[in-house]
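To start, the structure under review is shown below, and the notes come after it.
The values are calculated or read from the model by the stated rules, or taken from the named source; none is laboratory data. Since we're looking at a predicted model, the values are computed, not measured. Ideal geometry is used to build each Cβ from the backbone, glycine not excepted, and the neighbour counts take in all protein chains shown.
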Amino acid sequence: MTIARHPRSSMAAIALVALAACGVVSGGSTLKDARAPAVSGAVVATIPLSDYGTDVAVGADGARVYVPVRTGKVLAIDAASRRVASTIATDGQPYAIALAADGAHAYVMDLTAQYVFALDTVNDRLVKRIPVGIIERPVMTPAVAVSRDGARAYVTNATVMDDHLLVIDTATNAIGGDHFLGIHPAAVAVSPDGRLVYVAGCKLSCIDGSLLVVDAASARVVSTIPLASAPAALVLAPDGSRAYVPNARAATVAVIDLATTTVTTVPVGPEPTGIAVGPRGAFLYVTSFGSDSVYVIDTRTNAVIATVAVSRGPRAIAVSPDGRLAYVTHSSATCSVLDLRRIGGA
């Protein structure tokens, strides 16, 4: 999930106001960046897009990179040529994307809570628009995750009237469950074994946050882990032992030991919004919207080991399956490519 910045429509402007009210948009934080050595030469390419990308995901083989843009399209980038290879028309305002582990399917949530878009990522085409409801005003931007076995997609739907977790049966591309949540959901992730679903969000005015642990079979919330600040995104360690949550207003990343529920905070740059973990779980990559940087965290020490200057307003970030490259979308019509080997954090 990324913060709704740089509005291009009245709906996007509403989203920005709503997020600011929840304390997710800091509106120009005065916090200083965490001290870390700056690394030069890590940005190896800048890919032009038709509009700014709201999210980014890399295919299972690393050959394709998918970027939703809120003009009714998902762009498929060829990783080798670093060019947009095809455009998938979806209509609506596609916002958050998650790819299935088989590399053949993707699910995209619409910002206005009308549709979930099911994509065929082998042929780069829209398979189905799954209706969710009428146009709603978002309280938090949507998020989506797919279970490792590909059987279910989980979508958050945070609107003024209700906050829900939707469960999609990927065999039928139909909504198999619609569960009310006691928080405004901002992000979602699934444990590697598929037994638990984690939903990060906040209540009411979003002064602080919560991480819900949900039993996937029953959709029952089995525990709630308090967070000190409203979350902007969520990613799990590859082994499922930890959750990582950037806190945009606090300029920190919360590191949550899921076995002990211990929470450790790591200072980063202002307005951290996007987050990704390397395939071996040794390094964490966090975009700082407010400092135009990517922060690299060593997960063994929970210390920032490097920063990388990138283009203006970095939003979402995704790492290739081999851990060699990272892709960053911005509040401009570009996607940056980072060579993580030059950072020392591959």
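Report whether or not S332 is part of a loop (DSSP other than H, G, I, E, B), over 20 Å from A38 (Cα atoms) and touching a residue at least 12 places away in the same chain (Cβ under 8 Å).
yes
For N123, the conditions (1) among the polar types (S, T, N, Q); (2) more than 22 Å from G240 (Cα to Cα); (3) in contact with a strand residue (DSSP E or B) (Cβ under 7 Å, 6 or more places away or on another chain) all hold with the exception of (3). The set of residues in region 302-334 being among the β-branched types (V, I, T), surrounded by fewer than 21 Cβ atoms within 10 Å (Cβ to Cβ) and farther than 25 Å from Y52 by Cβ consists of I305 alone.
Please tell me if G62 is touching a residue at least 40 places away in the same chain (Cβ under 8 Å) and more than 22 Å from T273 (Cβ to Cβ). Walk me through it before giving the result.
Working: touching a residue at least 40 places away in the same chain (Cβ under 8 Å): yes; more than 22 Å from T273 (Cβ to Cβ): yes.
So G62 passes the test.
Report, by residue number, each residue of region 335-346 that is surrounded by 19 or more Cβ atoms within 10 Å (Cβ to Cβ) and either in a strand (DSSP E or B) or at pLDDT 95 or above (or both).
Of all residues in region 335-346, those surrounded by 19 or more Cβ atoms within 10 Å (Cβ to Cβ) come to 335-338, 340, 343, 345-346.
Within region 335-346, C335, S336, V337, L338, L340 qualify.
When A45, A85 are screened for being touching an Asp or Glu at 6+ places or on another chain (Cβ under 7 Å) and either modelled with pLDDT under 95 or surrounded by fewer than 23 Cβ atoms within 10 Å (Cβ to Cβ) (or both), only A85 passes.
In region 265-285, which residue that is hydrophobic (A, V, I, L, M, F, W, C) and free of Cβ contacts under 8 Å to residues at least 60 places away in the same chain is nearest to R342 (Cα to Cα)? Don't jump to the end; show me each part of the working.
To start, the set of residues in region 265-285 that are hydrophobic (A, V, I, L, M, F, W, C) comprises 266, 268, 275-277, 282-284.
Still in the list and also free of Cβ contacts under 8 Å to residues at least 60 places away in the same chain: 275-277, 284.
Values: I275: 19, A276: 17, V277: 17, L284: 15 Å.
Across region 265-285, the extreme among qualifying residues is L284.
Pick out the one residue from L119, L75, L99, L111 that is among the aliphatic types (A, V, I, L, M) and in contact with a His (Cβ under 7 Å, 6 or more places away or on another chain).
Numbers: L75 fails: in contact with a His (Cβ under 7 Å, 6 or more places away or on another chain); L99 fails: in contact with a His (Cβ under 7 Å, 6 or more places away or on another chain); L111 fails: in contact with a His (Cβ under 7 Å, 6 or more places away or on another chain).
L119 is the lone residue from the list that is among the aliphatic types (A, V, I, L, M) and in contact with a His (Cβ under 7 Å, 6 or more places away or on another chain).
Got a number for residues in region 209-243 being out of contact with any Cys (no Cβ under 9 Å at 6 or more places or on another chain), over 13 Å from V190 (Cα atoms) and of a type outside the set (G, A, S)? Give the derivation first.
Within region 209-243, the subset out of contact with any Cys (no Cβ under 9 Å at 6 or more places or on another chain) is 211-226, 228, 232-243.
Now narrow it down to the ones that are over 13 Å from V190 (Cα atoms): 218, 220-226, 228, 232-233.
Still in the running and of a type outside the set (G, A, S): 220-222, 224-226.
The total comes to 6.
Looking only at region 91-119, filter to residues that are among the polar types (S, T, N, Q) and in contact with a Pro (Cβ under 8 Å, 6 or more places away or on another chain); which one of those is farthest from E136 (Cα to Cα)? Looking at residues that are among the polar types (S, T, N, Q) and in contact with a Pro (Cβ under 8 Å, 6 or more places away or on another chain), I get Q114.
Just one of the listed residues (T112, T170, T156) is within 21 Å of the chain's Cα centre (by Cα), modelled with pLDDT of 95 or more and either of a type outside the set (A, V, I, L, M) or more than 28 Å from A326 (Cβ to Cβ) (or both), namely T170. Do we find a residue being assigned to a strand (DSSP E or B) and within 17 Å of the chain's Cα centre (by Cα) anywhere in region 71-78? Checked against the condition, which is being assigned to a strand (DSSP E or B) and within 17 Å of the chain's Cα centre (by Cα), region 71-78 yields at least one hit.
Against the criterion of being buried (at least 21 other Cβ atoms within 10 Å of the Cβ) and assigned to a strand (DSSP E or B), V116 qualifies. If I ask for residues that are outside any loop (DSSP other than H, G, I, E, B), among the polar types (S, T, N, Q) and more than 22 Å from S311 (Cβ to Cβ), which ones from region 253-292 would you list? Hits for region 253-292 are T264, T265. Just one of the listed residues (G209, G176) is surrounded by 23 or more Cβ atoms within 10 Å (Cβ to Cβ) and in contact with a Lys or Arg (Cβ under 9 Å, 6 or more places away or on another chain), and it is G209. Among the residues of region 48-67, those identified as modelled with pLDDT of 95 or more, in a loop (DSSP other than H, G, I, E, B) and hydrophobic (A, V, I, L, M, F, W, C) are L49, V56, A63. The single residue among D120, D124, D102 that is at pLDDT below 90, farther than 30 Å from L204 by Cβ and not hydroxyl-bearing (S, T, Y) turns out to be D102. Take R70 and decide whether it is in contact with a Ser or Thr (Cβ under 8 Å, 6 or more places away or on another chain) and at pLDDT below 95. Considered against the rule, which asks whether it is in contact with a Ser or Thr (Cβ under 8 Å, 6 or more places away or on another chain) and at pLDDT below 95, R70 comes out as yes.
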